[in-house]
C-alpha cells in the first residue's frame, strides 16, 4: 500500500517513513507528491490537529494518509507546551528557540519535579472518508541540559523512563539518556509515536482490507 505521510517536518517525516516502511508500506511525502500545503492546526487536542492534517493531505493526494500530531506535556508547567509544542516560542518549527524557552521556564524546577510525557495522536484517513485515530504516550522527565544529536524538537531535553531493546522489550533508562541519544530502534520501541503507530499497525490490515 502506498501511504502519504502528512508532514512537512523533515525529522517527523523520517520517523514516520521508517516506521511505516518497516510495516511493509511504500511511503511518499507531500514534497514528493508536489503538494505545498500548510493546514492551520487550530485544534485543541493532538487528535484534532492530526485529523486536520490528515484531511488536508488525503484530499490533495487521493491516497490513504497517515498524520501525526504530537507534543511534550510537562507536569510542572501544567501541561505546557502541549498542543503548542511546535510553536512554543511563537514561531512554528524553531526548535532551538522552543528548547530555550522550555529551559528558561524549568530553570527553578528541581530534579524530582521535572516529570513530563510525550504524547502522540496518529490519524489514518482513507480516501473514502474512513478515519481512525491512535494514541501513544512516553513518560519521562526533562533534563537540565541538551544532550544528543539523533533527534529533533525537544528530543535532546527529554529523558524517557525506558529504552527499547532489539527484541522489542524495554529496560529502565538507568543511564539517563535523552531521546536524542538513543538509536532509532531504541527510541521506536518506547516512543510516543512508536506506540501510537504500533496500535495503528495492529489495526491497519483490517482498515486496508479490500482497499489495496
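We did not get these values from a lab; they are worked out from the coordinates using the rules stated. Fair warning: this is a prediction, and the values are worked out from it, not measured in the lab. Neighbour counts run over all protein chains shown; Cβ positions are idealised from the backbone, glycine included.
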(request) Using a Förster distance of 35 angstrom, determine the FRET efficiency expected from the C-beta separation of residue 175 and residue 33, and round it to 0.05. (result) 0.30
(request) May I ask for the angle, rounded to the nearest 10°, between helix 10-22 and the longest principal axis of the chain, with both axes built from Cα atoms and the value confined to 0 to 90°? (result) 60
(message) From the Cα trace of the chain, what convex hull volume per residue do you get, rounded to a whole Å³?
(response) 110
(request) Would you mind getting me the FRET efficiency between residue 91 and residue 23? Use the beta-carbon distance for r and R0 = 30 Å, nearest 0.05. (result) 0.35
(request) Relative to the longest principal axis of the C-alpha atoms of the chain, give the angle of the C-alpha long axis of helix 192-208, reported between 0 and 90° and rounded to the nearest 10°. (result) 20
(request) Quickly work out the residue 149-to-residue 111 label distance, labels modelled 7 Å from Cα along the C-beta direction, and quote it in nm with one decimal. (result) 2.8
(message) Quick check on packing: order 161-171, 70-80, 113-123 by the mean number of other C-beta atoms within 10 Å, highest mean leading.
(response) 113-123, 70-80, 161-171
(request) Using 0.36 nm per residue of separation minus the Cα-Cα distance, give me the extension gain between residue 161 and residue 100 in nm, one decimal. (result) 19.7 nm
(message) Suppose only helical runs count, i.e. DSSP H with n ≥ 4. What mean residue ellipticity at 222 nm does that imply for the chain under -39500 (n - 2.57) per run, divided by all residues and rounded to the nearest 500 deg cm²/dmol?
(response) -9000 deg cm²/dmol
(request) Could you calculate the contour length gain from residue 44 to residue 14, that is, 0.36 nm times the residue separation minus the distance between their Cα atoms, to one decimal place in nm? (result) 8.2 nm
(request) Give the Cα extents of segment 13-52 along the principal axes, in whole Å, largest first. (result) 32, 23, 13
